[in-house]
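The structure under discussion appears below in the form of structure tokens.
No value in this document is a laboratory result; all are computed from the given coordinates. All of these numbers come straight from a predicted model, not from anything done at the bench. Every residue, glycine among them, receives a Cβ derived from its backbone with ideal geometry; neighbour counts consider all protein chains shown.
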Amino acid sequence: MIRNSLLLLAILSNAPQALADASRPGSAEAVGENAWTFKLTPSYYATSNQAAATDTNLRASYGPHAIWLGYYRRRGEFEQTRTGYEFTFETPFGKLVPSLQLASHGFAGGSLNLEAGDRIFVLLGLGRTNARDYYNLNFDPNDSVVYGLGTRLLPRTALSVFSVKDNRLHTGQVVTHMLLRYQADDHERLTLDVSSKHGRPGADEASVSGGAVSLTYDYRSFFVRLARDRKVNFTADDQTRISLGLRF
């Protein structure tokens, strides 16, 4: 009953995503299982030279389908509600994931991502938006291409290195990630994301460079994530983020 109510909220809201795995530790989360699963993630953002902000995101998954509903608020300055949908195609060569997101202030965006291979895999992606006002919670360029490589050859570990590069707005923005997921046991998982960035906030502005580190600890259905981001979203500001989460 509770799950049905939460699903209804996500679907019926009239108001026009964070890097923990959507699955529980030890779970393969096979696409095609006909059962609703949910992930609730409240977050707090402390940013230099800005008011503190909060974000709450509810993600619901059913087999290959996923929808989400989120609300971001920076006290007295900016608020935005968002919703989105993605579908995971399982193909003989890997996973193909198209997604669409809408948000208040007239924002719309979409992406298409491919993971091809198994023990060694290729990552490719393309993202596009309508360039309307949007607080970027991906912390990577949205109008971009993605390219990288990964491996699952290490015991209990998935390791990937990939770059997200602006290919539309002429900012030269590039963010390169090293992402490591370590499955400690059936109940615990650690995820480390280390990234570096360089590029211009706008086409005619001076270039900035920075880096970020994010650590997520999963235990059964719960997780906590702590991140520190220098020059967040290619601004002059630094940001600390903390997220708590529950999967059910």
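Considering only lysines 8 or more places apart in sequence, or on different chains, count the pairs in the chain whose C-alpha atoms sit under 22 Å apart. Mind dumping the intermediate values first?
On the way: Lys39/Lys95; Lys95/Lys165; Lys165/Lys197; Lys165/Lys231; Lys197/Lys231.
Final tally of qualifying lysine pairs is 5.
Semi-axes of the equivalent ellipsoid of segment 55-116: what are they in whole Å, largest first, if each equals the square root of 5 times a C-alpha gyration tensor eigenvalue? Let's see the in-between values first.
On the way: eigenvalues 157, 29, 14 Å².
Semi-axes from the Cα gyration tensor: 28, 12, 8 Å.
Each 10 Å bin from zero holds the following percent of Cα-Cα pairs in segment 2-247: 7, 29, 42, 20, 3, 0. Put in line by how crowded their Cβ is, counting other Cβ atoms within 10 Å and starting with the fewest, Leu246, Leu179 read Leu246, Leu179.
Centre-to-centre, using Cα atoms only, segment 39-67 and segment 170-233 are separated by 15 Å.
Would you order Arg225, Arg74, Arg119 from fewest to most other beta-carbon atoms within 10 Å of each residue's own beta-carbon?
On the way: Arg225 21, Arg74 17, Arg119 10.
So the residues, fewest neighbours to most, are Arg119, Arg74, Arg225.
Taking a ≥ b ≥ c as the square roots of the Cα gyration tensor eigenvalues, with a/c under 1.5 meaning rounded and otherwise prolate when a/b beats b/c, else oblate, which class fits segment 125-246? Prolate. The Cβ shell under 14 Å around Phe89 holds other residues with a net charge of -2, Lys and Arg each +1, Asp and Glu each -1.
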